[in-house]
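Undergrad: One structure follows; several queries about it will come next.
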Amino acid sequence: MKKYRYLFMRRIVQIGLLVLYVLGNYTGFKILEGNLSASRLFGAIPLSDPYAMVQLFCAGTIIIADALLGALIIVLLYGLFLGRAYCSFVCPINLVTDFAAFLRRIFGLDALGNLVSFKNSLRYYILALSLLLSFVFGIAAFEAISPISMLHRGIIFGAGVGLLSVFGVFLLDLFVAKHAFCGHICPLGAFYSLISRFAILKVKYDLEACTHCMECKKICPQKQVLRIIGKESGLIKSGECTRCGRCIEVCGDNALQFSLLEFVKEK
């Protein structure tokens, strides 16, 4: 159980949120209502996708105060505290891409390598393009085609043809490249990376305890964030770290652990 503790936590949070949204929209149990784009917590606290709000702003949409407040709450939550944990603990597409990664290991596709090599910077170009297209066409460009939104709304409000894009993400991650969508393409991930660099929740590395097995780099979906492994002790400072805890789970040396900037340490 200890080895997979963060995996269990991710699944509990992801599935639990979906259950709360379904209950909130269809029953009297209203902890969460709406969807990941726009929600209400306990019927009173607005929560909004800040990336969607930026797209709407670029599109020339007048954004109401509640939506702005909801976006600010989310930016503060992840920007100051949780970092890019949205991608690993909240985003429903993570369930799809993790399943594809699991099948790649089962079928031995990892040993064959990737059919296409994506640059880490690609998602930032897509982020910029989505804002430009929002400005030009007057719509929230990525929201209109987002497999994340389509999957979440499909689960809560009923499946639709939009779920074909989710299947496309699954095939992309299974046959084309490992962690292709979340690791290299998704502009929402790029957005959270940009606001997450200074979040206090980080992974701490202890060089003296490390035996250089490099299991952490094998499992990490964002290997570029582990540049200090084998070189120096310190915090993983990159905003691209999803705080998924995979590296901590596989580290038999206890050289990696979560840290709240030294104030709170995991034992």
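The values are calculated or read from the model by the stated rules, or taken from the named source; none is laboratory data. Quantities reported herein were computed from a predicted structural model and do not represent experimental measurements. For neighbour counting, all protein chains shown are included, and Cβ atoms are generated from backbone atoms with ideal geometry for every residue, glycine included. For the accessible areas, the whole protein counts, side chains as well, though only heavy atoms, and no ligand, DNA or RNA atoms are used. Shrake-Rupley method; radii C 1.70, N 1.55, O 1.52, S 1.80 Å.
Undergrad: Which number gives the lysine pairs in the chain that have C-alpha atoms under 17 Å apart and are eight or more places apart or on different chains?
TA: 27
Undergrad: Right, here's the next one. How much length is gained if the chain between N25 and R105 is pulled fully straight, taking 0.36 nm per residue apart and subtracting their Cα-Cα distance, in nm to one decimal?
TA: Working: separation 80, 0.36 × 80 = 28.80 nm, distance 3.72 nm.
Length gained, N25 through R105: 25.1 nm.
Undergrad: Now a separate question. Angle between the Cα long axis of helix 147-157 and the longest principal axis of the chain, 0 to 90 degrees, nearest 10?
TA: It is inclined by approximately 60 degrees.
Undergrad: Something else about it: Rounded, prolate or oblate: pick one for segment 102-213, where a ≥ b ≥ c are the square roots of the eigenvalues of its C-alpha gyration tensor, a/c under 1.5 means rounded, and failing that, prolate if a/b is larger than b/c, else oblate.
TA: Working: a/c = 1.91, a/b = 1.31, b/c = 1.46.
Here segment 102-213 falls in the oblate category.
Undergrad: Still on this model: At a probe radius of 1.4 Å, what is the per-residue accessible area of T242, in Å² to the nearest 10?
TA: For T242, the solvent-accessible surface is approximately 20 Å².
Undergrad: Just order 164-172, 51-59 by mean Cβ neighbour count inside 10 Å, highest at the front, would you?
TA: On the way: 164-172: 15.6, 51-59: 21.1.
In decreasing order of mean packing, 164-172, 51-59 become 51-59, 164-172.
Undergrad: A follow-up question, please. Post the alpha-carbon centroid distance, segment 195-209 to segment 31-105, in whole angstrom.
TA: 23
Undergrad: Stretch N114-R11 to full length: gain in nm at 0.36 nm per residue minus the Cα-Cα span?
TA: Working: separation 103, 0.36 × 103 = 37.08 nm, distance 2.65 nm.
Extending this stretch completely gives an extra 34.4 nm.
Undergrad: For Y21, what accessible surface area do you get with a 1.4 Å probe? Give it in Å², rounded to 10.
TA: Counting only protein heavy atoms, the figure is 10 Å².
Undergrad: Which cysteines does the chain leave without a neighbouring Cys Cβ under 4.7 Å?
TA: Singleton cysteines: C58, C87, C91, C182, C186, C210, C213, C220, C241, C244, C251.
Undergrad: Return the Rg/Rh ratio of segment 160-267 with Cα-based radii and a Kirkwood Rh.
TA: Answer for segment 160-267: 1.04.
Undergrad: In whole angstrom, and with the biggest value first, how far do the Cα coordinates of segment 1-79 range along each principal axis?
TA: 49, 31, 18
Undergrad: Then there is this: Less than 11 Å Cβ to Cβ from S149, Lys/Arg counted +1 and Asp/Glu -1: what total charge do the surrounding residues give? Walk me through the intermediate numbers first.
TA: Values: positive: R153; negative: D49, E143.
Within the 11 Å Cβ shell, the charges total -1.
Undergrad: Per residue, how big is the convex hull around the C-alpha atoms of the chain? Give it to me in cubic angstrom, could you? Kindly include the intermediate steps, with their values, before the conclusion.
TA: Values: hull volume 37.9 nm³, N = 267.
Given the Cα convex hull of the chain, per-residue volume reads 142 Å³.
Undergrad: How tilted is helix 65-76 with respect to the longest principal axis of the chain? Cα atoms for both, answer in degrees (0 to 90, nearest 10).
TA: Roughly 0 degrees between the two axes.
Undergrad: Taking the Cα atoms of segment 1-136, what is the range of coordinates along each of the three principal axes, in descending order and whole Å?
TA: 51, 41, 29
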